[in-house]
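First the structure, in the form of structure tokens, and then the observations on it.
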Amino acid sequence: MVDTAAPVLRCGFGGAHSATTARLEVSVPRRQELIDVWAELADAEARFRLGWGADGPWVDQDDTDPMVIADEGAEFVGRDPQTGVAVVSAGFGRADDGYMEVSGLVHPAFRRFGFGREALQVVCAFAHRHFGVTELRARCETDNEASRRWLASAGFLPVEGVFMHTLPDGRSMATIRWRHLDPTARRRCRRPFMPVE
């Protein structure tokens, strides 16, 4: 049984944010590190479900190195503390409707062992307890049983109905929307999220 205690959040010098879970060291990466991690984690099935295509995600190659912007969300990478291997990437960002939406990706060799849930708990903790986000949202394809279990395991509740969503590759898919609420959420950190050095 995996320990599901609340993750220990750290807010370090210069706004570096990280957390420790039962089996992961989770931190905000630099832009190139995240691009490299996504390339490691995204097998053909993940790229298809995310609508990334064979080349992986399109990432804005601007001069902003951190993968986070204050009030716009944050991306985290979870690594095995003994080996340093990237196990999971999870984050939240502002969707077109203005809500913060979560997403995540687990290395194929580590799927179905609860690592995605641990990382999502970190994302929710930072969003609610540190960033002051009252409502997080998510979506997954109606037939994506793994994503449904992942979201439910972290306390997300489905919204009634089926909603169409267009992926980056142009495909339209039927989705279920999910919500994670914390009415006591409040901003505790005034610094922008920055990557750990």
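The values are calculated or read from the model by the stated rules, or taken from the named source; none is laboratory data. On a predicted model such as this, the values are computed, not experimentally measured, just so you know. Note that we place each Cβ from the backbone using ideal geometry, even for glycine, and neighbour counts take in every protein chain shown. These area figures cover heavy atoms from the full protein model, side chains too; ligands, DNA and RNA do not enter into them. Shrake-Rupley method; radii C 1.70, N 1.55, O 1.52, S 1.80 Å.
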Being at pLDDT below 95, open to solvent by 50 Å² or more (accessible area, probe 1.4 Å) and outside any loop (DSSP other than H, G, I, E, B) narrows Ser147, Ser103 down to just Ser103
By residue number, the members of segment 21-56 that are open to solvent by 40 Å² or more (accessible area, probe 1.4 Å), under 16 Å from the mean Cα position of the chain (by Cα) and within 24 Å of Arg129 (Cα to Cα) are Glu25, Arg30
Check segment 29-52 and report whether any residue there is of a type outside the set (A, V, I, L, M), modelled with pLDDT of 80 or more, closer than 18 Å to Val122 by Cα and touching a Ser or Thr at 6+ places or on another chain (Cβ under 7 Å). no
Checked against (1) open to solvent by less than 50 Å² (accessible area, probe 1.4 Å); (2) of a type outside the set (Lys, Arg); (3) more than 21 Å from Trp38 (Cα to Cα), Pro158 satisfies every condition except (1)
